[in-house]
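**Q** Got a structure for you, questions after.
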Amino acid sequence: MTAARVALVTGGIGGIGTAICQRLARDGFTVVANHHPSEQDAADAWKKEQTAQGLAIGTIGADVSSFEDSQRMIAEIKQQHGPVSVLVNCAGITRDKTFKKMEEAAWRAVIDVNLNSVFNVTRNVWEDMLEAGFGRVVNISSVNGQRGQFGQTNYATAKAGMHGFTMSLAQEGAAKGITANTISPGYVETAMTKAMRDDVREAIVSGVPMRRMGQPEEIASAVSFLVSDENGYVTGANLPVNGGLFMH
Ligand code: CAA
């Protein structure tokens, strides 16, 4: 029997991250959920909840906006479980403000956590994927990286940047057994969308052709397909999971 593949999900204890971890664990991967070091207590409680559901999912604290911390995280995972062959870059934050009111800190925080993290983590697993001749990278972007959003110049920039990264990485990995894809969720029921002003959220959701928000599990099932052995030929794609909110 061959050992289960190791999957790392950054931002793994968040709304979408949790559904992805659960789905990949059920798919038979050895799953490790990354969380910010400041969320240690939440991560411990999260792990207990997963265990109660019969899911053995590892957790690891690391600030993915730091290259050094990402490097340490990957080395620890490798030592404990083996090299990462499936990477889901899902860590993300919002600091919504109209551009006129946006401070440099809000710009930098979002670019560091949502975009620079993708370099920091992927760079540290890439050589192992090349060596193994197999890898799956999925970047969780956003509909707002495709169409922009009032109040999100920082977030939309980071999310659009992720797909430029995906397309380039996909070209470098294509002949080496590695696929790289983006998923662009629309508005999904998580703490992140709950934090929005009710009137703003309701106005946006009323414009979604399906007239509802997405569920985290609907993003997870797209990830499940993209990282599966069944998918060897979809690479460099940007898969929208948005209820019809944006089509191109
Ligand atoms: N287009 C044009 N004008 C708009 C507008 C829009 N979409 N939205 C608001 N305005 C106008 C308002 O009418 C108002 O005009 P006046 O000054 O003339 O009255 C002005 O812009 C200010 O609007 P707000 O009252 O909304 O401004 P605010 O400073 O209170 O709030 C904001 C700013 C917090 C950024 C708010 O606009 C907002 O929440 N925007 C939505 C951001 C968003 O979608 N976030 C998604 C979070 S979840 C996520 O990111 C996950 C994902 O991937 C989808």
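The values are calculated or read from the model by the stated rules, or taken from the named source; none is laboratory data. Model, not experiment: these values are computed from the prediction. Cβ atoms come from the backbone with ideal geometry, glycine included; neighbour counts cover every protein chain shown. Surface areas here come from the heavy atoms of the whole protein model, side chains and all, with no ligands, DNA or RNA. Shrake-Rupley method; radii C 1.70, N 1.55, O 1.52, S 1.80 Å.
**Q** Label points 7 Å out from Cα along the Cβ direction at Glu68 and Phe246: separation in nm?
**A** Roughly 3.6 nm, to one decimal.
**Q** Rounded to the nearest Å, what's the spacing between the alpha carbon centres of the range 223-237 and the range 9-37? Just the number, please.
**A** The distance from the Cα centre of the range 223-237 to that of the range 9-37 comes to 18 Å.
**Q** Net charge around Met213, counting only other residues with Cβ within less than 12 Å of its Cβ (Lys, Arg = +1; Asp, Glu = -1)? Before the final figure, lay out each step's value.
**A** On the way: positive: Lys194, Arg201, Arg211, Arg212; negative: Glu189, Glu202, Glu218.
Taking every Cβ under 12 Å from that of Met213, the sum is +1.
**Q** So between Asp198 and Phe119, what do we pick up on full extension, going 0.36 nm a residue minus the alpha carbon distance? Walk me through the numbers before you get to the answer.
**A** Details: separation 79, 0.36 × 79 = 28.44 nm, distance 3.39 nm.
In short, 25.0 nm is gained.
**Q** Considering only Ser66, Ser206, Ser224, give the residue with the highest GNM mean-square fluctuation for the chain, with springs between Cα atoms whenever their separation is below 10 Å.
**A** Result for the chain, Cα springs under 10 Å: Ser206 fluctuates most.
**Q** Between Ala220, Ala237, Ala105, find the one with the highest GNM mean-square fluctuation for the chain; connect C-alpha pairs within less than 10 Å.
**A** Ala105
**Q** Could you check which residue among Asp96, Asp63, Asp41 shows the biggest mean-square fluctuation in a GNM of the chain with a 10 Å Cα cutoff?
**A** Its mean-square fluctuation being the largest, the pick is Asp41.
**Q** Can you compute the helix-only [θ] at 222 nm over the chain? Use -39500 (n - 2.57) per DSSP H run of at least 4 residues, normalise by all residues, nearest 500 deg cm²/dmol.
**A** When only DSSP H runs of four or more count, the value is -14000 deg cm²/dmol.
**Q** Computing the accessible area with a 1.4 Å probe over protein heavy atoms, can you report the carbon and sulfur percentage for the range 7-148?
**A** Of all accessible area on the range 7-148, carbon and sulfur atoms account for 49 percent.
**Q** Label-point separation (nm) for Tyr233 and Glu127, each offset 7 Å from Cα along Cα-to-Cβ?
**A** 3.4
**Q** Still on this structure, I have one more. How big is the Rg/Rh ratio for the chain, C-alpha atoms only, Rh by Kirkwood, two decimals? Don't skip to the end; give the middle numbers.
**A** Details: Rg = 17.2 Å, Rh = 18.1 Å.
Using only Cα positions, Rg/Rh for the chain is 0.95.
**Q** What length, rounded to one decimal in nm, is gained on full extension from Ala75 through to Thr98, with 0.36 nm per residue of separation minus their alpha-carbon distance?
**A** Taking Ala75 through Thr98 to full extension adds about 4.3 nm, to one decimal.
**Q** List the relative contact order of the range 83-145 as a percent without decimals, with contacts defined as Cα pairs under 8 Å and 6+ residues apart.
**A** Relative contact order comes out at 59 percent.
**Q** A 28 angstrom limit on the alpha carbon distance is what I want to check against. Which of Lys97/Lys159; Lys78/Lys194; Lys48/Lys159; Lys48/Lys78; Lys47/Lys176 exceed it?
**A** Lys78/Lys194; Lys48/Lys159; Lys47/Lys176
**Q** For the range 174-209 and the range 68-127, what is the centre-to-centre distance using only Cα atoms, to the nearest Å?
**A** For the range 174-209 versus the range 68-127, the Cα centre distance is 18 Å.
**Q** Per residue, how large is the accessible surface of the chain? Use a 1.4 angstrom probe and give square angstrom.
**A** Ligands and nucleic acids excluded, the result is 49 Å² per residue.
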